[in-house]
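The values are calculated or read from the model by the stated rules, or taken from the named source; none is laboratory data. Remember, predicted model here, so these are calculated numbers, not experimental data. Glycine also receives a Cβ, built like all others from the backbone with ideal geometry; neighbour counts cover every protein chain displayed.
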Amino acid sequence: MKAVRIESPGNINLVEVPIPEPDKGFVRVKVKAAAICATDLEVLDGRIAANYPLIPGHEWSGIVDSVGAGVDESWIGERVVGSNDVVCLTCPACRRGEWRYCKSFEEIGFKRNGAYAEYVLVPAYGLCRIPEQISFEEAALCEPLGVALGTMKKSRAKLGDTCLIMGAGSIGLCTLAVAKAMGLRDVVVCASSRRRESLARQHGADHFIAAAEQDLMKEMAKIHPDGTDVIIDATGMEECIQSALKLCRKGGTVVLEGYGRGKTMQICMDDIHINNLKVIGAGNNWNMHQKAIDLISSGVVNMCDFVSEKMGLEDYARGIEMVRSRPEGFVKAVFTL
Ligand SMILES: [Zn+2]
Ligand SMILES: [Zn+2]
């Protein structure tokens, strides 16, 4: 089969590899759509722990093509998305439902081969069926939507809370869609430029701040004069996190949703201590695929306009370049097979 594989950091190629066979408990999915995530570029650049050579790709959808031992054959032919978490299901963390804390945790697209390929192997226990009305491209985006769902759940935001989202990448925009669906008010999106302003407005942003040309602190003093109830940082960038801690209202919540790329950052401790802020870590997707599919299929959130560019695997270099350069209006490049 064709696959796009990272041989070692910085070295990515289209290769021909054998079609993999599903082990016990796994299914083989014929990939129909696989989105390129900014995190995949971190893997390509060698900034995230991964097993090379690696076929990346954790935002996927497809059709079950064959099943391993012990898996119900009725899955064959089903349109599916699924969890990327390969776990034991028996350790104390797994039994609490906290798969990400499993002692033997491995993630598809990082430690195991992912979906930039014609086929991917995934565990049967994490599969979800895709309703007919959802396209494969849209279904593939239930992975980043699931990240946003987990983040907002951890934030404990309530109806009527004010909200600021730092960053208008795909995770920032998914978080915006969830925040609006939850009934948060005066939702502000702050990005460096205005390139994604119209998309953010379409998804319900009440305000948009372009940090390169506006003073974030001054603008926020006008929009949320008493400070913001819930701030989500979807950037992982030091200056954004520093600002978030200063803009949050006393007793409010700052959720760290962005990847910090291993950096040690300077924060003013007293912003948290004196103001009694709640600072919450919200890494990763917490098994939210089914909820994401349900919300898309019921129309509560709409992901179809996040698919900006569709391409074949052979066009991988163009897709990666688009994710790096983020041209105007671009959100996601999706391989369609
Ligand atoms: Zn992703
Ligand atoms: Zn476990």
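A single entry from GLY150, GLY146 fulfils the requirement of being in contact with a Phe, Trp or Tyr (Cβ under 6 Å, 6 or more places away or on another chain) and either of a type in the set (Gly, Ala, Ser) or away from ligand 1 (no atom under 13 Å from the Cβ) (or both): GLY150. Do we find that GLY82 is in contact (Cβ under 8 Å) with a residue 24 or more places away in the chain, within 15 Å of ligand 1 (Cβ to nearest atom), within 15 Å of ILE12 (Cα to Cα) and crowded, with 21+ Cβ neighbours inside 10 Å in this structure? So GLY82 fails the test. If only residues of region 279-337 that are in the same structural domain as VAL120 (by TED's automatic domain parsing) and of a type in the set (Lys, Arg) are counted, the one that is surrounded by the most Cβ atoms within 10 Å (Cβ to Cβ) is LYS332. Checked against (1) within 15 Å of TRP75 (Cβ to Cβ); (2) away from ligand 2 (no atom under 16 Å from the Cβ), GLY25 passes all but condition (2). Checked against (1) touching a Pro at 6+ places or on another chain (Cβ under 8 Å); (2) surrounded by fewer than 21 Cβ atoms within 10 Å (Cβ to Cβ), GLN266 meets all criteria but (1).
Would you call LEU121 touching a residue at least 60 places away in the same chain (Cβ under 8 Å) and within 16 Å of ligand 1 (Cβ to nearest atom)? No; evaluated as a whole, the condition is false for this residue. Only a single criterion out of (1) at pLDDT 95 or above; (2) more than 19 Å from the chain's Cα centre (by Cα) is not satisfied by MET152, namely (2).
Here ARG96 fulfils each of the conditions (1) away from ligand 2 (no atom under 15 Å from the Cβ); (2) modelled with pLDDT under 95 apart from (1). Restricting attention to region 1-19, the residues that are crowded, with 16+ Cβ neighbours inside 10 Å and among the small types (Gly, Ala, Ser) add up to 1.
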